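For reference, the structure is listed below as structure tokens.
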Amino acid sequence: MSEGSYTSSITVLTGLDSVRKRPGMYFGSTSAAGIEYMVGEFASNAADQFLAGRATAIAVRLDDARIVIEDDGSGLPFDEAGPEGSESLATHYLTTLHAQPTADEHAPHVHIHGFHGVGLAAVNAVSATLRCEAWRGGHLWAQEFSRGVPTGAPEVVATGHGQGTTISFVPDPEVWGSTRPRPAAIRAQLFLMAHLIPGLHVRFGEEHFHSLRGLEDLALIELQVTASHIWPWRSRPVFSHRVRTGDLDIAVAFVGDADESGTRWRTWVNGSETPGHGSHQDGLRDALQEADWAPALAMAHLIMHAPKFAGPTRDRLDVPEVAAPIQAAVQEAILRYCEAHDVRRGHR
């Protein structure tokens with residue numbers, strides 16, 4: 001094949017058309033997991049609202065093919081003009097792909113799943129229908145879309161004292177076929193969110209998840225399920241610590257004493273699990289070694305601005321300069337705990 005014929009055969013996809021024609025690139029797959037990722041994208045925006053102090057709760061429900069997600073945050077900005085004179089900033093967010101981590105460049109952006117955030121517009125593009133309602137300044141705005149394209153202008157449909165945003169959407173059968181999300185998978189996603197972000201109220205159908213102790217609760221649950229037979233240290237409390245240093249929010253939970261298999265680690269950065277761990281684990285492991293403690297289970301969630309990951313996935317954090325500040329932020333608390341509970345390697 002000549003160079004000219006090769007280059008002329010390449011089709012460059014842009015905008016929402018690229019999402020519809022290559023959905024697997026944006027959502028990981030066109031299986032149920034892809035639809036569950038769509039739910040996670042909207043849930044992540046509510047988590048951001050909570051972290052910014054503008055929301056307290058999120059609710060998700062499945063209504064046959066329709067998925068409904070509500071939060072009590074500040075509402076998408078239908079009352080603000082969009083760029084270049086477009087009719088509203090909310091419409092712009094819902095119809096325009098963006099290259100930066102978030103449409104309005106806020107940070108951090110939390111995602112309780114394994115992929116990068118794709119944004120509201122990408123989810124809208126692969127929905128047969130989507131309706132967005134948002135309270136702003138005493139007015140309830142609404143707008144509807146079909147496959148990412150507005151079917152009408154945003155309009156005020158009610159007045160009052162409500163707050164928050166409600167998005168209801170139907171995944172497009174042209175993209176997803178007859179696939180439906182798995183309720184158990186969404187439940188697990190939301191249950192984890194409630195523990196990674198302590199204080200956030202999360203509802204799924206009739207269930208309500210809310211944890212003030214976060215990783216401490218999650219660590220106990222995990223050990224009770226997977227390691228209930230090795231609990232000679234049951235009377236010792238979980239070491240749980242949350243601290244902010246610079247622009248890093250660090251939450252850790254360590255429990256028990258490791259056997260010959262060593263410490264089992266679970267780590268997250270901005271809500272995404274990092275099975276390859278990385279710089280945050282390095283700092284925490286140094287702190288544990290200084291205290292001469294190898295816990296049975298170690299959990300850590302780091303929230304940071306602009307995290308850098310090794311490679312094309314979020315499997316491993318690659319920011320070596322955060323290791324020392326993380327160690328310094330937790331070291332004293334770990335040493336106090338170990339002294340109070342007579343914790344040493346080999347001491348059970």
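Summary of computed values
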| item | result |
| --- | --- |
| Options 298, 287; residue that is at pLDDT 90 or above and in contact with a strand residue (DSSP E or B) (Cβ under 8 Å, 6 or more places away or on another chain) | 298 |
| Spans of helices (runs of 4 or more DSSP H) in segment 130-242 with at least 3 residues farther than 30 Å from residue 81 by Cα and in the same structural domain as residue 269 (by TED's automatic domain parsing) | 215-226 |
| Residues (crowded, with 22+ Cβ neighbours inside 10 Å and touching a helix residue (DSSP H, G or I) at 6+ places or on another chain (Cβ under 7 Å)) located in segment 61-90 | 67, 71, 73, 76, 78 |
| Subset of segment 282-294 (residues that are buried (at least 18 other Cβ atoms within 10 Å of the Cβ) and in contact with a Lys or Arg (Cβ under 9 Å, 6 or more places away or on another chain)) | 291, 293, 294 |
| Qualifying helices (runs of 4 or more DSSP H) (wholly inside segment 1-50; at least 3 residues being at pLDDT below 80, over 20 Å from the mean Cα position of the chain (by Cα) and not assigned by TED's automatic domain parsing to the domain that holds residue 179) | 3-8 |
| Scan of segment 295-332 for residues that are surrounded by fewer than 17 Cβ atoms within 10 Å (Cβ to Cβ) and in a helix (DSSP H, G or I), ordered by number | 320, 321, 324, 325, 328, 332 |
| Residue match in segment 109-124 (condition: among the polar types (S, T, N, Q), closer than 30 Å to residue 268 by Cα, touching a Gly at 6+ places or on another chain (Cβ under 6 Å) and modelled with pLDDT of 90 or more) | yes |
| Residues that are in a loop (DSSP other than H, G, I, E, B) and under 11 Å from residue 219 (Cα atoms), drawn from segment 250-277 | 256 |
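The values are calculated or read from the model by the stated rules, or taken from the named source; none is laboratory data. Bear in mind the structure is a predicted one, so any value in this text is a computation, not a measurement. As a convention, Cβ positions derive from the backbone with ideal geometry for all residues, glycine included, and neighbour counts pool all protein chains shown.
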